[in-house]
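For reference, the structure is listed below as structure tokens.
The numbers here are math on the coordinates, done by the rules we state, and not lab data. Nothing here was measured: the structure is a model prediction, and the numbers come from that model. Quick reminder, even Gly has a Cβ in these numbers, built from the backbone with ideal geometry, and neighbours come from all protein chains shown.
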Amino acid sequence: MLLLDLLLMLLIAYGFGFLYYGLYRNLSARVHGRFGPSLAQSFSDSIKLFVKEESTTFGWMFYLGPVIMASGAVLNVLFIPFLNQGESLQGLSSYGNLIVVLYLMVLGPLGNALGVGSSGNPFGVMGVTRGLTRLLALELPFYLAAIGVMIDAGSADFGIIMQAQSTQSNMFAHPLLFAAAFISFLGFMGKSPFDVVGAPQEVYSGPATEFSGKFLALLMSQSAMFSFAKLLLMVNLFWGGADHLGELVAKTFVLFVAATFIGSVYARFSTVQSVEFLIRIPTLLGIVGLALL
Amino acid sequence: MDEGFIPYQQSLEDEEQSIKSTQSVIEQAIAWFRAHSMFVLAYGTGCGAIEMPPTFTSRYDIERLGVVGVATPRQADILIVSGYCSPKTLKRVIRSYEQMSEPKYIIGLGSCTINGGMYWDSYNTIKKLDDFLPVDMYVNGCMPRPEALIEGFVKLQEKIRANSSEAGYIQYRTRYAHYRANQERLFGTQVQPRYEENFAGMNL
């Protein structure tokens, strides 16, 4: 039964991750004054890439990189409960808590660095360096907000954190912590102005430069699932989770559209600028939010 | 009755239809996904490059067809050679094409790729791109408008869905000696590594 539940969670994360990515392409096309591709475009892309020939080889670590990233994304999806009540769609959340999830979130970038590093492609390495530099600054405000939420609920368990929000969600109870986490979340989602990692016109595809065929498809799939996991995390920590699947879809959709629109109107920071911004504003908001608890 | 352009075109289309009917459902589905997700490596060799930005941006928005630009040959399905090629450029074009993973296709954009166009008697450009690389779809004109390029993509989609064994990348494998001989005749001793080493052991 648990196995079936886990499979269902992965399927939902995969499906909605790609649907949201299609929606992102569509919405940003509308912002540009275009029509954009169909919603299902990302599915076509990933299936095409899965049946495409693999042409590059840089040793086993190169292949292991995307696998480590994918396992990070899969574990993240499984450790975050989808719903705040009932038995179904809880995954492995009873075996882990928020601290485990925050720890697992770093696994992806680490796998990426190992894989890309062995390819020796300068654009890939530049992308990874940018990513890890930004990650240092991203984690600080997000961890501050997470610590605030944990102190408020008196526990690191997702169930208890969501239960504590039954009268008032953390977004309204602790707006400063929410602001800090939301800005950091924009960066985790790779949205402008923090999209320094795979920045087109600067480092080409960044870390993905040398990946082709099945491994590129794996990277795309894990990125879609990881995005859904991050949406889930924000919904659980600040919006009180969801009672049923419909509410979950509605909440993640609103959060995603907000992130997409903010990402569409801002120009990209340079790496140094993004680190400086993240260390100054959201971190400060997080510290003040913690002090007001 | 049987001569002329229209009957010839009809015979080509009939051939595509007959190939399609012999495919299994899975093959057809994969071909459909391939046709609706085309990653393009735009190699701006000549003046044709100027028609590509409007094709990809708001005015003509080719992303509607699932066509997006990518930065590296590793991820690309389609190589657009946009205009005339000098031997020096052609070397890089061939190198880029050989780095792409299969299935891969080439679009020759502009008259220069067909017969040299206005550079027909130039001493330092090639006349016919198809002698050196297998071109899947030509878009003629000098310069072809973005509408023509979009039409080229639509025709190429049909060709990909037909999943024909005549596709360029299969030709490049099976008739490599022909392409290589032409490349060597042009480049002399300064040639790139032999591509066929990449598919040693494959059933050609």
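Going through segment A:31-107, which chymotrypsin sites (Phe, Trp or Tyr not before Pro) have at most 14 other Cβ atoms within 10 Å and a DSSP loop state?
Values: sites: A:F35, A:F43, A:F50, A:F58, A:W60, A:F62, A:Y63, A:F79, A:F82, A:Y95, A:Y103; in loops: A:F35, A:F58, A:F82, A:Y95.
Those satisfying the criteria are A:F35, A:Y95.
Please name which of A:F182, A:M126, A:A145 has its Cα lying farthest along the dipole of segment A:2-291 towards the positive end, using unit charges on Cβ (Lys, Arg +1; Asp, Glu -1) and the Cα centre as origin.
Going by the charge dipole, the pick is A:M126.
Add +1 for every Lys or Arg and -1 for every Asp or Glu among the other residues with Cβ under 13 Å from the Cβ of A:G190, and state the total.
+4
In terms of Cα to Cα distance under 24 Å, which lysines are near enough to B:K91, apart from those fewer than 8 places away along the same chain?
Cross-link targets: B:K104, B:K127, B:K128.
Which part of segment B:131-154 falls in the paramagnetic zone of B:L186, meaning amide N under 12 Å from the point 7 Å along Cα-to-beta-carbon?
Under 12 Å, as judged by backbone N against the label point of B:L186, lie B:131-135 of segment B:131-154.
If the only charges are +1 at each Lys and Arg Cβ and -1 at each Asp and Glu Cβ, what is the size of the charge dipole of chain A around the Cα centre, to the nearest 20 debye?
680
Grab the other residues whose beta carbon is less than 15 angstrom from that of A:S88, score K and R as +1, D and E as -1, and report the net.
Spelling it out: positives minus negatives among the neighbours equals -4.
Of all GluC sites (Glu not before Pro) in segment B:100-181, which ones are in loop regions per DSSP and have a Cβ with at most 15 other Cβ atoms within 10 Å?
Within segment B:100-181, the qualifying GluC sites (Glu not before Pro) (loop, at most 15 other Cβ atoms within 10 Å) are B:E166.
For the protein assembly as shown, report the convex hull volume of the alpha-carbon atoms normalised per residue, in Å³, without decimals.
That works out to 168 Å³ per residue.
If we count chymotrypsin sites (Phe, Trp or Tyr not before Pro) as exposed when they sit in a DSSP loop and have at most 16 other beta carbons within 10 Å, what is the longest stretch of chain B that avoids them all?
Maximal segment without exposed cleavage sites: B:1-119.
I want to check the label-to-label distance for B:R59 and A:F35. Put each point 7 Å from Cα in the C-beta direction and report it in nm to one decimal.
Those two pseudo-labels are separated by 1.8 nm.
Please give the charge dipole size of segment B:72-158, origin at the Cα centre, charges +1 on K and R Cβ atoms and -1 on D and E Cβ atoms. Round to the nearest 20 debye.
Dipole size: approximately 400 debye.
Specify which residue in the list B:A29, B:I94, B:P53 is farthest towards the positive end of the charge dipole of segment B:25-187, using unit charges on the beta carbon of Lys, Arg (+1) and Asp, Glu (-1), about the Cα centre.
B:I94
What distance in nm lies between label points placed 7 Å from Cα along the C-beta direction at A:L4 and A:E247?
It works out to 2.4 nm between the two label points.
Tell me whether segment A:193-256 comes out rounded, prolate or oblate; compute the Cα gyration tensor, take square roots of the eigenvalues as a ≥ b ≥ c, and use a/c under 1.5 as the rounded threshold.
Numbers: a/c = 3.82, a/b = 2.07, b/c = 1.85.
Verdict is prolate for segment A:193-256.
In nm, to one decimal, how far is the modelled label at B:I6 from the one at B:T174, with both set 7 Å along Cα→Cβ?
Going from the B:I6 label point to the B:T174 one covers 3.2 nm.
Could you state, as a whole-number percent, how many of the C-alpha pairs of segment A:1-61 are farther apart than 19 Å?
54
When the dipole is taken about the Cα centre of segment B:25-187, and only Lys, Arg (+1) and Asp, Glu (-1) are charged at their Cβ, what size is it in debye, to the nearest 20? Don't skip to the end; give the middle numbers.
Working: 19 positive and 16 negative charges, 85 e Å.
Computed about the Cα centre, the dipole is about 400 debye.
Separation of segment B:159-194 and segment A:94-143 by C-alpha centroid, Å?
Cα centres, segment B:159-194 to segment A:94-143: 42 Å.
Let me confirm one metric for peptide A:50-62, namely the mean number of other chain beta-carbon atoms within 10 Å of its residues' beta-carbons.
Values: counts 2, 7, 11, 6, 3, 9, 3, 0, 0, 0, 0, 0, 0.
Averaged over the peptide's residues, the number is 3.
In whole Å, what three semi-axes, largest first, describe the equivalent ellipsoid of segment A:2-291 built from its Cα gyration tensor (square root of 5 times each eigenvalue)?
Whole-Å semi-axes of the equivalent ellipsoid: 29, 22, 19.
Give the lysines reachable from A:K230 as a straight Cα distance under 30 Å; neighbours fewer than 8 places away on the same chain don't count.
A:K48, A:K52, A:K191, A:K214, A:K251
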